[in-house]
Amino acid sequence: MPELPDVTMYKKILDGSSLHKTIEKISFSDSRILKGVSVRKFSHILKGNRFARSLQHGKNLLVQVSGGSPHVLLHFGMTGALHFLERGEDEPVYTRCVFTFAGGGRLAVSDQRLLGKIGIVEDPQSFVREKGLGPHATGKELHAERFVQILSGRKGRIKTALMNQSVIAGIGNIYSDETLYQASIHPESDVRSLDSKTLQDLHGVMQRVLRTAIRSGADAEKFPKDFLLPNRRSGASCPRCKGKIEKIRVNGRGTYLCPLCQKKQQ
Ligand SMILES: [Zn+2]
């Protein structure tokens, strides 16, 4: 499932290929991906205009359309992805929507399970407020002090809190596991059992994990050897202690950890 680092990669693809080009055509091979606006209205907003710039908040990508205030919202759900195609290049499987630019390049949104969405948002700040999203996980506003403040005294498990988009926006199942592994914290630890110093350190670890993932192109094969992600399967050797990686369920989500490195705090 695309999380913050994956969406940052899609933002880079879009910024590097699709800004300031006239959008000639918008086509849907499956318009169920479009939410809250008709195909006709969506096409009317975009046709003849250009993408001016993009903003990311958590797992959401908001692309401003020139000539007005609307933004195209891209949310990638479980299986969504963004691709830039040169003239003559085939569309990936499960392509649902294609923006064709003057000059021939195309921006394609693929989504096998169709749990992602494309929509129109008038104002990104109101969107974040209405959705009740927490601060963007790698944003300046989420400094260590704010992170500690947000989590201090919170009920429930630390993994659940990190994945809650209204607490922090951008972290999902994979990067909550990686962050807690790197911080040597058991995913089922009660948030209230973690003191301010531990939370402050967790903030630093989370920033390092997300930035490392972005630098590695969100590609698990390029991650450092001491990351959990390339070893994310039951019985794999822990890259740090040579213990065995275990799979448990936290709030119904498959969760990987090293029980030797990540001792449970009550
Ligand atoms: Zn270990």
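Could you calculate the contour length gain from Lys12 to Arg129, that is, 0.36 nm times the residue separation minus the distance between their Cα atoms, to one decimal place in nm?
39.6 nm
Return P(r) of the range 121-201 (all Cα-Cα pairs; 10 Å bins starting at 0; whole %; ordered from short to long distances).
18, 52, 23, 6, 0
What are the radius of gyration and Dmax of the chain, computed over its Cα atoms and given in Å?
Just the Cα atoms of the chain yield Rg and Dmax of 19.9, 60 Å.
Rounding to the nearest 20 debye, state how big the charge dipole of the range 4-131 is about its Cα centre with +1 on each Lys and Arg Cβ and -1 on each Asp and Glu Cβ.
Using only the charged Cβ atoms, the result is roughly 280 debye.
Please get the size of the charge dipole for the chain, origin at its Cα centre, with Cβ charges of +1 on Lys and Arg and -1 on Asp and Glu, quoted in debye to the nearest 20.
The calculated dipole for the chain is roughly 420 debye.
Have a look at Leu162, Ser27, Cys258 and report the one farthest towards the positive end of the charge dipole of the chain, computed about the Cα centre with Cβ charges (Lys/Arg +1, Asp/Glu -1).
Comparing the listed Cα positions along the dipole, Cys258 ranks first.
Specify the angular offset, from 0 to 90 degrees and rounded to the nearest 10, of the alpha carbon long axis of helix 173-182 from the longest principal axis of the alpha carbons in the chain.
Computed tilt is about 40 degrees.
What is the set of long-range amide H partners of Arg53 at a cut-off below 5 Å, with H atoms built 1.01 Å from backbone N?
Counting only residues 5 or more places away or on other chains, the set is Gln64.
Net charge near Phe99: determine it from the other residues with C-beta under 13 Å of the C-beta of Phe99, scoring Lys and Arg +1 and Asp and Glu -1.
+4
Suppose a student asked you for the relative contact order of the chain, using Cα pairs under 8 Å spaced at least 6 residues apart; what percent would you report?
17 percent
In degrees, nearest 10, range 0 to 90: what is the angle between the Cα axis of helix 4-17 and the longest Cα principal axis of the chain?
30 degrees
Percent relative contact order of the range 144-257, based on C-alpha pairs within less than 8 angstrom and at least six residues apart?
25 percent
Enter the angle in degrees (range 0 to 90, nearest 10) between the Cα long axis of helix 196-215 and the first principal axis of the Cα atoms of the chain, meaning the one along which they spread out most.
40 degrees
Can you compute the charge dipole magnitude of the range 144-257 about its Cα centre, using +1 on each Lys and Arg Cβ and -1 on each Asp and Glu Cβ, nothing else charged? Give it in debye, rounded to the nearest 20.
Using Cβ point charges on Lys, Arg, Asp and Glu, the range 144-257 gives about 180 debye.
Restricting everything to alpha-carbon atoms, can you work out Rg to Rh for the range 202-266 with a Kirkwood hydrodynamic radius?
Radius of gyration over Kirkwood radius for the range 202-266 works out to 0.98.
Ignoring everything except DSSP H segments at least 4 long, calculate the 222 nm mean residue ellipticity for the chain; use -39,500 (n - 2.57) per segment, divide by total residues, nearest 500.
-8500 deg cm²/dmol
Please give, to one decimal in nm, the separation of the simple spin-label points placed at Asp30 and Leu114, each 7 Å out from Cα toward the Cβ.
0.5 nm
Could you tell me the convex hull volume per residue, in Å³, taken over the Cα atoms of the range 20-76?
Once divided by residue count, the hull of the range 20-76 is 90 Å³.
Going by amide H atoms built from the backbone, whose H comes under 5 Å of the H on Val250, apart from near neighbours?
Thr255
Cross-link partners among lysines for Lys140, C-alpha distance below 21 Å, same-chain residues fewer than 8 apart left out?
Lys11, Lys12, Lys59, Lys131, Lys197
Can you give the alpha-carbon Rg of the range 4-131 over 2.2 N^0.38 Å, where N counts its residues?
Ratio of Rg to 2.2 N^0.38 Å for the range 4-131: 0.95.
Between Asp226 and Asn164, what's the calculated FRET efficiency when r is the beta-carbon distance and R0 is 35 Å? Round to 0.05.
After rounding, the FRET efficiency stands at 0.85.
Normalized C-alpha radius of gyration of the range 163-241, against 2.2 N^0.38 Å?
Computed over Cα atoms of the range 163-241, the ratio equals 1.10.
Which one, Val205, Gly243, Asn173, projects farthest toward the positive side of the charge dipole computed for the range 172-266 from Cβ point charges (K/R +1, D/E -1)?
Checking the options against the dipole of the range 172-266, the answer is Gly243.
Assuming R0 = 35 Å, what is the FRET efficiency of Glu141 and Ser43, from their Cβ-Cβ distance, to the nearest 0.05?
0.50
Convert each backbone phi in the range 158-164 into a coupling constant with the Karplus relation 6.51 cos²θ - 1.76 cosθ + 1.60 (shift: θ = phi - 60°), then list the ³J(HN,Hα) values in order as whole Hz, x for Gly and Pro.
5, 5, 4, 5, 5, 7, 6
Quick check on packing: order 108-116, 242-250, 191-199, 166-174 by the mean number of other C-beta atoms within 10 Å, highest mean leading.
Sorting 108-116, 242-250, 191-199, 166-174 by mean packing, highest first, produces 166-174, 108-116, 191-199, 242-250.
No lab work stands behind these numbers, since they all come straight from the coordinates. Computed from a prediction, not measured in an experiment: that's the story for all the values here. Neighbour counts are summed over all protein chains in view; Cβ atoms, including those assigned to glycine, are modelled from backbone coordinates with ideal geometry.
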